[in-house]
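The values are calculated or read from the model by the stated rules, or taken from the named source; none is laboratory data. Just so it is clear, the structure is predicted and the values come from calculations on it, not from any experiment. Cβ coordinates were reconstructed from backbone atoms using ideal geometry, including for glycine residues, and neighbour counts include every protein chain displayed.
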Amino acid sequence: MPIAHRIVFPQRMRATVEPFEFDDRPGDDEIILETLVSAISSGTELASFTNDQDIGHWKGEPYPVHPGYAAVGRIAAVGSNVKEWRVGDVVFSSVGHASHHRVNPARAPVVRVPDGVDPADAVYVRFCAVSMTTLRTTVARPGDGVAVFGLGIVGSMASQVYQASGYEVAGVDPVATRRSRVEACGLRHTISPEGDIVEAWRSKLGATPCKLIIDTSGSERAVYAATQLAAIGAEIVLVGVAWKKHGDYTMSDLLQPVFTKYLHVRSGWEWEIPVFPANFARGSVLGNLQHAMSLIARGAVNPAPMRSHVLPPNDAESAYVGLLNEKERYQSVVLDWSRLAILA
């Protein structure tokens with residue numbers, strides 16, 4: 001049986017490449033992907049890598065872990081029942097960091113990468129989609145003010161998606177290099193949460209009220225700032241995960257403005273909508289991915305300035321350590337599987 005390769009966390013703070021047996025004969029309903037690139041999700045994957053989170057059922061990661069959920073590959077084989085896809089097609093799928101994958105397109109979304117779109121850009125549709133469920137479910141409408149807190153990989157994509165959808169958007173992050181990178185992507189407004197955030201908002205967006213806030217940081221400090229910035233009756237949607245307790249604010253600090261400003265605070269759970277289109281549903285995960293791909297293809301969303309590093313899979317551990325400890329330098333990392341060094 002052929003040998004493939006994948007990233008594994010064998011223990012805390014370690015990442016390496018391991019071989020595994022891979023059957024390259026597709027089932028009747030399957031496609032076989034040869035991975036071109038995969039992208040690291042710095043939030044979820046760093047939580048597994050560091051294993052120091054204290055949230056519910058994520059507490060205490062069982063090792064080994066095989067991370068990742070965003071890859072672009074070329075179809076190497078198709079099953080007899082697969083009609084939409086052909087050998088040679090380049091597609092996105094929500095699969096992990098591995099050289100080869102088996103995917104059933106009837107069970108997991110597969111999205112075509114248009115000609116001319118760099119696979120290293122196309123892989124970012126996964127991070128666009130994280131906040132696009134909120135785009136489907138929010139009561140805010142184009143023209144309303146939207147603040148995106150946290151300009152990591154998810155927040156930087158969210159800010160661009162909402163701007164492309166007609167909202168008045170400001171990206172909020174304390175790290176200047178993060179703000180400058182998303183500005184290089186084409187985001188018109190960024191602000192620092194330091195100081196008077198309401199005045200900072202007004203200096204960029206004038207009298208436009210902030211009707212929707214998307215927090216991708218998972219920081220209670222950010223959520224507190226969001227309650228100060230939010231207009232009366234606004235929504236605060238929690239997309240980021242608070243992986244650890246910090247205790248900077250009391251419950252009354254957070255709850256008093258929620259009560260006095262009639263705010264709606266809710267989860268930004270991306271799987272609130274169905275994976276595939278369904279009658280009367282408010283969109284689908286597949287539809288979000290397809291729309292994100294079209295935004296990237298026509299230049300309305302530009303991931304390239306966010307991509308600080310393109311590394312071979314063998315350098316995965318340095319990528320995770322960099323994302324953890326060098327946030328000024330490491331913004332987003334893509335692994336190039338054509339550069340995989342197979343060790344003897």
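Descriptive notes on the structure:
- Test: residue in region 120-135 that is touching a Cys at 6+ places or on another chain (Cβ under 6 Å), within 19 Å of residue 215 (Cβ to Cβ) and among the hydrophobic types (A, V, I, L, M, F, W, C): no
- Note on region 153-205: enclosed helices (runs of 4 or more DSSP H) holding 3 or more residues that are without any contact (Cβ under 8 Å) to a residue 12 or more places away in the chain are 197-205.
- Residue 134 being in contact with a strand residue (DSSP E or B) (Cβ under 7 Å, 6 or more places away or on another chain) and either part of a helix (DSSP H, G or I) or surrounded by 22 or more Cβ atoms within 10 Å (Cβ to Cβ) (or both): yes
- Looking only at residues of region 243-300 that are of a type in the set (D, E, K, R) and within 26 Å of the chain's Cα centre (by Cα), we find that the one that is surrounded by the most Cβ atoms within 10 Å (Cβ to Cβ) is 270.
- Scanning region 284-302 for residues that are within 28 Å of residue 180 (Cβ to Cβ), of a type in the set (Gly, Ala, Ser) and either in contact with a helix residue (DSSP H, G or I) (Cβ under 7 Å, 6 or more places away or on another chain) or not in a loop (DSSP other than H, G, I, E, B) (or both) gives 292, 294, 297, 300.
- Applying the condition of being of a type in the set (Val, Ile, Thr) and out of contact with any Ser or Thr (no Cβ under 9 Å at 6 or more places or on another chain) to region 301-344 and asking which residue is surrounded by the most Cβ atoms within 10 Å (Cβ to Cβ) yields 301.
- Just one residue in the set 203, 165, 180 is under 30 Å from residue 110 (Cα atoms) and either at pLDDT below 95 or surrounded by fewer than 17 Cβ atoms within 10 Å (Cβ to Cβ) (or both); that residue is 165.
- Every pair of residues 6+ apart whose Cβ atoms lie under 6 Å, when the first sits in region 33-50 and is in contact (Cβ under 8 Å) with a residue 40 or more places away in the chain and of a type in the set (S, T, N, Q) while the second is surrounded by fewer than 24 Cβ atoms within 10 Å (Cβ to Cβ) and in a helix (DSSP H, G or I): 35/337
Here is a yes/no grid of residues against (1) touching a helix residue (DSSP H, G or I) at 6+ places or on another chain (Cβ under 9 Å); (2) closer than 15 Å to residue 337 by Cα; (3) outside any loop (DSSP other than H, G, I, E, B):
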residue: 73; (1), (2), (3): yes, yes, yes
residue: 80; (1), (2), (3): no, no, no
residue: 85; (1), (2), (3): no, no, no
residue: 101; (1), (2), (3): no, yes, yes
residue: 107; (1), (2), (3): no, no, no
residue: 114; (1), (2), (3): yes, no, no
residue: 127; (1), (2), (3): yes, no, yes
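- Which numbered condition residue 115 misses (of (1) touching a residue at least 24 places away in the same chain (Cβ under 8 Å); (2) within 20 Å of residue 287 (Cα to Cα)): (1)
- Test: residue in region 40-55 that is assigned to a strand (DSSP E or B) and modelled with pLDDT of 95 or more: no
- Cβ-Cβ under 9 Å pairs, at least 6 apart or on other chains, region 67-91 side touching a residue at least 24 places away in the same chain (Cβ under 8 Å) and on the phi > 0 side of the Ramachandran plot, far side of a type outside the set (D, E, K, R) and part of a loop (DSSP other than H, G, I, E, B): 68/40; 68/41; 68/95; 68/96; 68/97
Results for (1) in contact with a His (Cβ under 6 Å, 6 or more places away or on another chain); (2) more than 29 Å from residue 299 (Cα to Cα); (3) among the acidic types (Asp, Glu), shown as yes or no for each residue.
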position: 24; (1), (2), (3): no, yes, yes
position: 63; (1), (2), (3): no, yes, no
position: 77; (1), (2), (3): no, yes, no
position: 87; (1), (2), (3): no, no, no
position: 94; (1), (2), (3): no, no, no
position: 108; (1), (2), (3): no, no, no
